[in-house]
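Encoded as structure tokens, the structure appears first; notes follow it.
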């Protein structure tokens with residue numbers, strides 16, 4: 001089950017059905033079964049509060065992912081996304097908002113599939129996987 005929740009007035013994820021199929025395809029391609037995945041869209045300030053409270057990081061970020069799975073082959077987690085930060089990054093990287101949002105959504109799921117992004121090589125692989133995921137969405 002994949003759920004999308006918006007805590008922002010006026011923001012609603014477009015193409016929810018297509019997004020769910022796309023996310024399932026990513027997980028299955030990586031050898032994972034989808035159990036429960038929640039995407040929560042919020043403001044910069046709300047995500048900052050989570051970052052401080054749970055990760056002890058006093059910085060803005062576009063995404064925070066919590067892995068809730070007890071089974072290493074099942075996806076079960078919560079992905080918190082700052083819509084404000086995604087909008088800013090879309091402008092910065094000169095891409096449309098929806099594409100940057102999909103990249104961030106894929107990024108969260110890829111973390112749940114075991115990909116990291118702490119080192120340069122991990123970040124490079126994560127970016128390659130994000131690009132691959134974006135092509136999957138476009139081809140559907």
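Every number here is computed from the coordinates shown, using simple stated rules; none is lab data. These numbers were taken from a predicted model, which means no experiment stands behind them. Positions of Cβ are backbone-derived with ideal geometry, glycine not excepted, and every protein chain shown enters the neighbour counts.
Observations on the structure shown:
- Rounded to 5, the percent of DSSP beta bridges in the chain classed as antiparallel: 25
- Compactness of the range 9-90 as Cα Rg over 2.2 N^0.38 Å, two decimals: 1.19
- Dividing the helix sum by the residues of the chain, where each DSSP H run of 4 or more adds -39500 (n - 2.57), gives a mean residue ellipticity at 222 nm of -16500 deg cm²/dmol.
- Hull volume per residue, based on the alpha-carbon atoms of the range 43-140 and their convex hull, is 116 Å³.
- Distance between the 7 Å Cα→Cβ label points at residue 69 and residue 6: 2.8 nm.
- Percent RCO, i.e. relative contact order, over the chain, from Cα pairs under 8 Å lying at least 6 residues apart: 22
- Full-stretch length increase - residue 88, residue 49 - with 0.36 nm per residue and alpha-carbon distance subtracted: 12.2 nm
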